[in-house]
Amino acid sequence: MKIKNWQLALAAGIGAAAVALNFTSCVSIPKGAVAVTPFDKEKYLGKWYEIARLDFKYEKDLDNVTAEYSLRDDGLIAVKNQGFNYVKKEWKQSTGKAKFVNDEHTGRLQVSFFGPFYAGYNVIALDHDYRYALIAGNDLSYLWILSREKTVPPSVRIKYLELAKSLGYDTDKLVWDKHDRMF
C-alpha cells in the first residue's frame, strides 16, 4: 500500500495539532494543594491588590500590582494586571483571559496572556468574605497573596505563609508589594 504525500501531511498535521492541544491546555496544581470549593465566581470578580508574590520575569521590578477580574461576553473572565516598574519609572499593564479547568464551583482556572498558552491559577485559600486569597500556579515557582485592600491582617499573613510552607514553597523568597502609587 503506497501512502500519498497528502495523507502523510494530513497525519503529520493531526499529530502536531494533538501535541499543541496537549501543550496549551496543560495546567496543573502543586502536589498536596487543593483548590477552594465551593468557589463563587461572582464574589471573586473585581479588583485585588497583590500583597506578595514569588518573583518571575513578567513581574520583575514591579510594585503597586493589582489584578482586576470581570466577565466577558463569551463567558470567560477578563484579566487586567497592572503594576509600576520602579526601575523604569513607568506603569506596565497586561490583559488576558481565564477559564475554569473543570467546573465553576472549584477555584481552578487557567489563565492566558499569550494566545493559546495557559498557566494554572489555583485559588488554594480564600476567606469566607472573599477579601483575602492565596493563589498557586502550576508548580512551586508561582505563588501570590491577594487582598481587596492594600494590606492583610497579620493573622491572614501567618495562616497563608504556613499553608504555603506546608506545600513546599520557599516563602523567604516572596516579594512584598508596596502600594504607594495610583494608576
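The values are calculated or read from the model by the stated rules, or taken from the named source; none is laboratory data. All of these numbers come straight from a predicted model, not from anything done at the bench. Here Cβ is always computed from backbone atoms with ideal geometry, including for glycine, and neighbour counts include all displayed protein chains.
Here Y58 clears all of (1) modelled with pLDDT under 95; (2) surrounded by 14 or more Cβ atoms within 10 Å (Cβ to Cβ) except the condition numbered (2). If the condition is being more than 25 Å from E68 (Cβ to Cβ) and touching a Lys or Arg at 6+ places or on another chain (Cβ under 9 Å), then the stretch 141-183 contributes L167, G168, T171. Could you tell me whether any residue of the stretch 162-172 is in a strand (DSSP E or B), touching a residue at least 40 places away in the same chain (Cβ under 8 Å) and touching a strand residue (DSSP E or B) at 6+ places or on another chain (Cβ under 7 Å)? Scanning the stretch 162-172 turns up no residue that is in a strand (DSSP E or B), touching a residue at least 40 places away in the same chain (Cβ under 8 Å) and touching a strand residue (DSSP E or B) at 6+ places or on another chain (Cβ under 7 Å).
For L109, the requirement of being over 14 Å from W48 (Cα atoms), surrounded by 16 or more Cβ atoms within 10 Å (Cβ to Cβ), touching a Pro at 6+ places or on another chain (Cβ under 6 Å) and not charged (D, E, K, R) is not met.
Of the residues making up the stretch 104-118, those that are modelled with pLDDT under 95 and among the small types (G, A, S) number 1. For F56, the stated conditions hold: it is aromatic (F, W, Y), under 22 Å from L161 (Cβ atoms) and under 13 Å from the mean Cα position of the chain (by Cα).
Only residues that are over 20 Å from K47 (Cβ atoms) and crowded, with 17+ Cβ neighbours inside 10 Å were counted in the stretch 129-142, giving 4. When residues in the stretch 82-122 are screened for being assigned to a loop (DSSP other than H, G, I, E, B) and touching a residue at least 12 places away in the same chain (Cβ under 8 Å), 9 of them pass. The number of residues in the stretch 76-130 that are touching an Asp or Glu at 6+ places or on another chain (Cβ under 7 Å) and among the basic types (K, R) comes to 1.
For D73, the criteria (1) in contact (Cβ under 8 Å) with a residue 40 or more places away in the chain; (2) part of a loop (DSSP other than H, G, I, E, B) hold in every case but one, which is (1). Is it the case, given these coordinates, that A125 is in a strand (DSSP E or B), surrounded by fewer than 17 Cβ atoms within 10 Å (Cβ to Cβ) and at pLDDT 95 or above? Against the criterion (in a strand (DSSP E or B), surrounded by fewer than 17 Cβ atoms within 10 Å (Cβ to Cβ) and at pLDDT 95 or above), A125 does not qualify. Only one entry of W48, W91 meets the criterion of being within 23 Å of R181 (Cα to Cα), among the aromatic types (F, W, Y), modelled with pLDDT of 95 or more and surrounded by fewer than 19 Cβ atoms within 10 Å (Cβ to Cβ), and that entry is W91.
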